[in-house]
Amino acid sequence: MVIVYWFERINLAEPLKGVRVAYAGPAPISGLQADELRRESHSVGYDEASGFYNQQILELRNDASYLQESVLQKIQEQFDRAMEEINSSLPKLLLSMVRGIWGELALDQNSVKKIVEEVLSDLSPEEEALEISLCPADLALLGNGPQAPQNRYPAIVVKENPNLQSGDCMVRSRFGAIDATVATKIKKIEKELLEV
């Protein structure tokens, strides 16, 4: 097999019986030229790959940032819902506990005196006739000593009311009745808690 590289016109004396082309294309290049072309191709490929992967990294960062914001927003929404549930349930729970604890409390003489004094602090016991009603147990605790309200203020009458519970106090004056029962106090606290 003969390889011919020719760039001129060939005139043959006889017609060809067959032709075989071994190479068709640009002229061969030297090793230095091949190395230079390889370096240029490598540089172009490296730049294209770097640009592609940098774009992929940027897109992944954006996706991760979006997912992070989405997760944090969902966590915040769940936290807000939980706080709303707690805020709506807490007053009822507290009041239920107060009712349960209050029913089990055993009052002493000083506690009963404080309850009566608290009610009297809003009135003028020195000047007007008042009727104080207590449950039988609290009336017995209050006693009839010198510091008892009926002995300190002559216009006050202290009565027993079997319909009242321990800690309850009712006061009647010429202006009407003051309900200082535990149930009324708890309802007042409940109303204030539920309005918040």
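Couple of notes before you dig in:
- Total charge dipole magnitude, the stretch 106-195, about the Cα centre, Cβ charges on Lys, Arg, Asp, Glu only, Debye to nearest 20: 120 debye
- Full extension of the chain segment joining Ser111 with Asn151 gains 12.6 nm, where the gain is 0.36 nm per residue of separation less the Cα-Cα distance.
- CD proxy at 222 nm, helix term only [per DSSP H run n ≥ 4: -39500 (n - 2.57); per residue of the chain; nearest 500]: -20000 deg cm²/dmol
- Of all DSSP beta bridges in the chain, antiparallel share, percent nearest 5: 60 percent
- DSSP bridge analysis restricted to the stretch 106-195 gives an antiparallel fraction near 60%, rounded to the nearest 5.
- Ranked list, fewest to most other Cβ atoms within 10 Å of each Cβ, for Arg152, Arg38: Arg38, Arg152
- Rg and Dmax over the alpha-carbon atoms of the chain stand at 50.7, 158 Å.
- The stretch 24-83: C-alpha gyration tensor shape, a/c 1.5 cut-off, then a/b vs b/c: prolate
- Each peptide in 186-193, 80-87 gets a packing score, the mean of other Cβ atoms within 10 Å over its residues, and the list from highest to lowest is 186-193, 80-87.
- Inter-site label distance for Glu195 and Glu160 at 7 Å from Cα along Cβ, in nm: 3.9 nm
Each value in this text was obtained by applying a stated rule to the coordinates, not by laboratory testing. This one's a predicted model, so the numbers in the text were calculated from it and none came from an experiment. Neighbour counts are summed over all protein chains in view; Cβ atoms, including those assigned to glycine, are modelled from backbone coordinates with ideal geometry.
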